[in-house]
Structures are given as structure tokens and as C-alpha cells.
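The values are calculated or read from the model by the stated rules, or taken from the named source; none is laboratory data. Just so it is clear, the structure is predicted and the values come from calculations on it, not from any experiment. All Cβ positions, even for glycine, are placed from backbone atoms using ideal geometry, and neighbour counts span all protein chains on display. What goes into the accessible areas is simple: the full protein's heavy atoms, side chains included, and nothing from ligands, DNA or RNA. Shrake-Rupley method; radii C 1.70, N 1.55, O 1.52, S 1.80 Å.
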Amino acid sequence: TMTVASRRQPDDAEWRDLLIAWRVCRHVKSNAVVVVRDGMAVGVGAGQMSRVESAELAVARAGDRSAGAVSASDAFFPMPDGLETLGNAGVRSVIHPGGSKNDSKVTEAADALGMAVVLAGERHFRH
């Protein structure tokens, strides 16, 4: 049921890492954002009051490994700022459930950054 919402499609390596990120994200509680590169989780942000803060933690923990990485979010991005945080750190593709009234704004921001966005159609969000 996953669909690509962005203009850019993830390449094969990004798809592999997106699916890994999606699985890892399932096991992280509360506003989880996971960064994966080359088959490994390299940054995890969770437990924050906002998705952008979780994204900031994830890319801070990933450091330079964010460049060329992918990311997963356990719930939709309510605003573009969390996705922009990832994109500005070099993350190339993001998977999230979708379902926000601002999905189109989030996808527009991704398109402006040259990122691919995959909508999973299901949430992992849990407390």
C-alpha cells in the first residue's frame, strides 16, 4: 500500500534503507524519527513534544552519516519543518504514514529539496 508522493522516486538502495528505517521506527516510542544509511540505523530521535525536535535529534546523532541517508517517521509530518530538518542534513528520502491535512505542503517542501517521499498508509505511533 506504499505510494510515492514526491516527484522523485527513491532508487533501489534508498528503498532498501527506507524499509529498514520503517521497521526500526516501529520499535521506537513517541514521535520517532529514524535515520538509516547503508543498512544501519545511524540516528534515532524520540520522546520529544514535536516531530521537528525528534528530527533534529536524529540528524544530530547521525552526524555526517545523514548525507545520503533515508529517514522514517512513526506518524505523519504535521508541518514541513521536520522534513526540512532532515533534508537540510542531507537525507534523500523519507517514509511516513501520511494523513495530515498538510501532506501536500510537506511533499512540496520535499520536492523543493529534491527528496523522495513515500507514504506508508499506516502509523506506528505509540506512547
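Applying 1/(1 + (r/R0)^6) with R0 = 22 Å to the Cβ-Cβ distance of Asp11 and Met40 gives a FRET efficiency near 0.80. Note on the chain: with neighbouring protein chains present and a 1.4 Å probe, carbon and sulfur make up 50 percent of its accessible heavy-atom surface. Put a dot 7 Å past the Cα of Arg26, heading toward its Cβ, do the same for Ala112, and the two dots end up 3.4 nm apart. Within the chain, no helix built from a complete DSSP H run reaches 30 Å or longer along its own axis (Cα positions) while carrying a mean Kyte-Doolittle hydropathy of -1.0 or higher.
Solvent-accessible area per residue in the chain equals 47 Å², computed with a 1.4 angstrom probe and all protein chains kept.
Only DSSP H runs of four or more residues enter the estimate; each adds -39500 (n - 2.57), and after division by the residues of the chain the mean residue ellipticity at 222 nm equals -11500 deg cm²/dmol. Applying a DSSP loop filter and a limit of 12 other Cβ atoms within 10 Å to the trypsin sites (Lys or Arg not before Pro) in the range 27-96 leaves Lys29. Using 0.36 nm per residue and subtracting the Cα-Cα separation, the extra length available between Ala67 and Lys105 on full extension is 11.4 nm.
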